Amino acid sequence: MVTEPVRILVVGGGYVGMYTALCLQRKLKPELKRGEVEIVVISPDPYMTYQPFLPEAAAGSISPRHVVVPLRRVLGACRVIVGEVQSIDHAKRTASFTTLATAEEGTGALDIAYDELVLAPGSVSRTLPVPGLADHGIGFKTVEEAIGLRNHVIEQMDIASSTRDPAVRDAALTFVFVGGGYAGVEALGELEDMARYASRYYHNVKAEDMKWILVEASGRILPEVGAEMGKYTVSQLRKRNIDVRLETRLDTCEDRVAVLSDGARFPTRTVVWTAGVKPHPLLAATDLPLNERGRLKCTAELAVDGAPHAWGAGDAAAVPDVTAGEPGKECAPNAQHAVRQAKVLGENITASLRQQPLQEYAHKYVGSVASLGLHKGVAHVYGRKLRGYPAWFMHRVYHLSRVPTVNRKSRVLAEWVLSGLFKREIVSLGSLEHPRAEFELAAGGERPKES
């Protein structure tokens, strides 16, 4: 008899999705060769973004294409579909998804059946109903947003250099970052460093002309590196004339004016929103159990609680922290846990198919590192606290060891070496965001009159 292969459907191509599929294609190599197993990965992008490198990509230290890992190259034994899953009916073990061709075909969403489900769509930016935020805010979660922000900052410096209106100049040189976590602090630190360097090439824009404001609703920043290192980071940012405002919220940014809860008003053309994330909306379109925060209820083995043949990890999953010693405590939704969970998840799915015992995910949090710009950083690793150049160096070494594939490691290292030997690039390529603009202008112009 000819039997259908066991289909493992991986939803999402981020940390968990890519690393789990990578582990599965290695662990299940014999079964894949015999045609007994099929791995299908559905991701809205054909690549995985290594997000810790986004600040350096925005600062120009790393090329954008080296921050992403092409899924089809690293997942050669998997079937990769570029599309978006719209809903999941786990009772019937089917998922409904659309692709780039769906609109052209006019057939609507497609259904795909599966035997094992890995649900790892990740998270999306958590926004608040702040007036003007949807119109003027800039995110910092994708490589497109990182490069767009870099272009935007340099364009603001160009505007300030060329305008005769003091109000326009002041707004162009004011940059407001909302959120004191990794994304906000690292993006602010790298971009301020880049803009400070770029200002030497402007005859009428100096580093001290720019205003950089960090707004954080809580009383501390970078909680992952500890209270002491958080205070050190605040002091270092303030020494660079960065206005750090703790226990402060953004009330509105309508009409390009950022109004804070402490009454301060900043005319600005740049509001960067990095105030946290929330579970992907796809989770609400499934019949799988969710907790009060909208994340998948998972066991320590990374199986969805009460839903056989469904698995979860990363930002989308609420995974018990068995090393905490506190009942009910969950693993933090960060990259460090996601990468390690993916390895255990791949091994557990393999063990499940081979009817072997599963293992619990148990990883003791060893610490955190953060970059604050070139040669600047903070770290709290294995109980040791580092600052300045040693912390920055450790940040680079750690993330170079974690970025997947030797190809990417080599390219990133080569770019770091070259950036140390030569000057920074300060070119804005904002036209990349609207590549057809020039042609559309040409095509819509008046035809030349015949003589």
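The values are calculated or read from the model by the stated rules, or taken from the named source; none is laboratory data. The structure presented is a predicted model; accordingly, all values stated were derived computationally and were not measured. Positions of Cβ are backbone-derived with ideal geometry, glycine not excepted, and every protein chain shown enters the neighbour counts. Accessible surface is based on the protein model in full, side chains and every heavy atom, while ligands, DNA and RNA are left aside. Shrake-Rupley method; radii C 1.70, N 1.55, O 1.52, S 1.80 Å.
Observations on the model:
- E301 open to solvent by 40 Å² or more (accessible area, probe 1.4 Å) and within 23 Å of T350 (Cβ to Cβ): yes
- Being touching a helix residue (DSSP H, G or I) at 6+ places or on another chain (Cβ under 7 Å), open to solvent by less than 70 Å² (accessible area, probe 1.4 Å) and within 30 Å of R384 (Cβ to Cβ) is a description that applies to L214.
- Selection from segment 107-134 of residues that are open to solvent by 50 Å² or more (accessible area, probe 1.4 Å) and in contact (Cβ under 8 Å) with a residue 40 or more places away in the chain: A113, D115, R126, T127, L128, P131
- Residues that are open to solvent by 80 Å² or more (accessible area, probe 1.4 Å), within 23 Å of R340 (Cα to Cα) and touching a residue at least 24 places away in the same chain (Cβ under 8 Å), drawn from segment 360-388: E360, K364, Y365
- Of the numbered criteria (1) open to solvent by 30 Å² or more (accessible area, probe 1.4 Å); (2) outside the structural domain of V11 (by the TED database), the one P289 fails is (2).
- Of the set (1) modelled with pLDDT under 95; (2) in contact with a Cys (Cβ under 8 Å, 6 or more places away or on another chain), all apply to N334 but (2).
- Scanning segment 287-333 for residues being small (G, A, S) and more than 22 Å from Y15 (Cα to Cα) gives a total of 5.
- For segment 306-323, a residue qualifies if it is surrounded by fewer than 19 Cβ atoms within 10 Å (Cβ to Cβ) and more than 15 Å from A120 (Cα to Cα), and the qualifying residues are G306, P308, V322, T323.
- When T20, T49 are checked against the criterion of being in contact (Cβ under 8 Å) with a residue 60 or more places away in the chain, out of contact with any Lys or Arg (no Cβ under 6 Å at 6 or more places or on another chain), of a type outside the set (A, V, I, L, M) and crowded, with 24+ Cβ neighbours inside 10 Å, T20 stands alone in meeting it.
- For segment 73-94, the set of residues classified as more than 25 Å from the chain's Cα centre (by Cα) and either crowded, with 17+ Cβ neighbours inside 10 Å or not charged (D, E, K, R) (or both) consists of A77, H90, A91, R93, T94, listed by residue number.
- Odd one out for D255 among (1) outside the structural domain of F175 (by the TED database); (2) not in a loop (DSSP other than H, G, I, E, B): (1)
- Every residue from segment 173-185 that is at pLDDT below 95 and either touching a Gly at 6+ places or on another chain (Cβ under 8 Å) or open to solvent by 10 Å² or more (accessible area, probe 1.4 Å) (or both): G179, G181, Y182, A183
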